[in-house]
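The values are calculated or read from the model by the stated rules, or taken from the named source; none is laboratory data. What you see is a predicted model, and the numbers here were worked out from it, not measured in a lab. Heads up, the Cβs are rebuilt from the backbone with ideal geometry, glycines too, and the neighbour counts pull from every protein chain shown. In case anyone asks, the SASA skips ligands and DNA or RNA and just uses the protein heavy atoms, side chains included. Shrake-Rupley method; radii C 1.70, N 1.55, O 1.52, S 1.80 Å.
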Amino acid sequence: MSLLQFFRLLNRNLHLFLLCALTLAVVTYLLTRNLPKSYETEMEIFTGIASGLNIEAVDNTKVDYFTTSTEYDNLINIIKSRQTLEEVGMRLLVQHMMLDSANSAYITAENYKHFRSKISDSLEKILLDPYSVENTLRRIRNYRAINFDDDLVKLTFDDDNSPYSYKRIANISVRRVQSSDLIKLNFSSNDPGITQSTLLILTEVFTNNVASIKTGQSRDVVGYFR
C-alpha cells in the first residue's frame, strides 16, 4: 500500500476513527469519575552525612563510603520505624483535634466532617487539652495503651485507610538523592492538607529521634571518660 492509498483509506474511514476516539474518551471518563483524588507532595532534606566534618579528623576530607552508607541506612530505618510512624499518626490526630473547624491547610471539609463524626463529645473531653499539644498527646498515648483492643482505637491507629495509622503512613517513600547529602521524602493521600502535614510532622519527629540518639551517644562517651 502506497502512502497515497493510505491517506485515501484514512479519509474514507475518518468518521470511524473519530467515533472510536470519542467512545474511548467517554468510557475512560465513566470508569474514572468516581475514583478518589490523589495529592502528592515531596520534600528534600539536607543531612550533612556525606560531606559533614568529623571532629576526630577535621583535616581529613577522605570519604568513608561504607560508614556513609551505614549512616543513611540508619537514618532511613529510623524514619520508617513503627515507633516514628505511630508518633506521626498521633501528632496528626492532635493537630486535627485542635481545629475548631475545617482548614484546607490541614484537612478538607469533607474529611474533617468524617473525623468529627468519629470523636464523641465525651471522648474529646477525655483526650483534648485545648491549651497544650503535648498534654493532649500524652492523654492519647495513655488512652491508646489502656484501650488497645477497642474498635475505635484499632480503626484509628491500625486501619490501612486511616490517615493516623502507621500502616498508612508507612507508604511514605524515602530515598537518598544519588550520592548527595540529600534524602527525598514522598507521600500521597486523598487530602492535600493531610499529605503536606504528614511530611512536616514526620520531619519534626524523626529529627528529634535522631537528635536523641546522638545526644545519648555523646552522653555515653562523656560518662566513659569521667
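Here are some notes:
- Annotation: V63 fulfils all but one of (1) open to solvent by 70 Å² or more (accessible area, probe 1.4 Å); (2) at pLDDT below 75; the unmet one is (1).
- For region 191-212, residues that are of a type in the set (A, V, I, L, M), over 16 Å from A105 (Cβ atoms) and touching a residue at least 12 places away in the same chain (Cβ under 8 Å) total 3.
- Among the numbered conditions (1) closer than 25 Å to K167 by Cβ; (2) surrounded by 15 or more Cβ atoms within 10 Å (Cβ to Cβ), the only one that D129 does not meet is (1).
- Any chance R138 is touching a helix residue (DSSP H, G or I) at 6+ places or on another chain (Cβ under 7 Å) and over 19 Å from N190 (Cα atoms): no
- Among the residues of region 176-213, those that are of a type in the set (V, I, T), in a helix (DSSP H, G or I) and surrounded by 14 or more Cβ atoms within 10 Å (Cβ to Cβ) comprise I194, T195, T198, I201, T203, V205, V210.
- Within region 91-124, tally of residues that are small (G, A, S) and open to solvent by 60 Å² or more (accessible area, probe 1.4 Å): 5
- Residue list for region 137-175, restricted to those being open to solvent by less than 70 Å² (accessible area, probe 1.4 Å) and within 12 Å of the chain's Cα centre (by Cα): P163, Y164, S165, Y166, R168, I169, A170, I172, S173, V174
- Contacts under 6 angstrom Cβ, first residue in region 39-51 being on the phi > 0 side of the Ramachandran plot and touching a residue at least 12 places away in the same chain (Cβ under 8 Å), partner surrounded by 14 or more Cβ atoms within 10 Å (Cβ to Cβ) and acidic (D, E), 6 or more apart: G48/D181
- Against the list (1) modelled with pLDDT of 90 or more; (2) in contact with a helix residue (DSSP H, G or I) (Cβ under 8 Å, 6 or more places away or on another chain), the condition I49 fails is (1).
- Applying the criterion of being part of a helix (DSSP H, G or I) and in contact with a Ser or Thr (Cβ under 7 Å, 6 or more places away or on another chain) to the residues of region 94-126, the residue that is nearest to I194 (Cα to Cα) is Q95.
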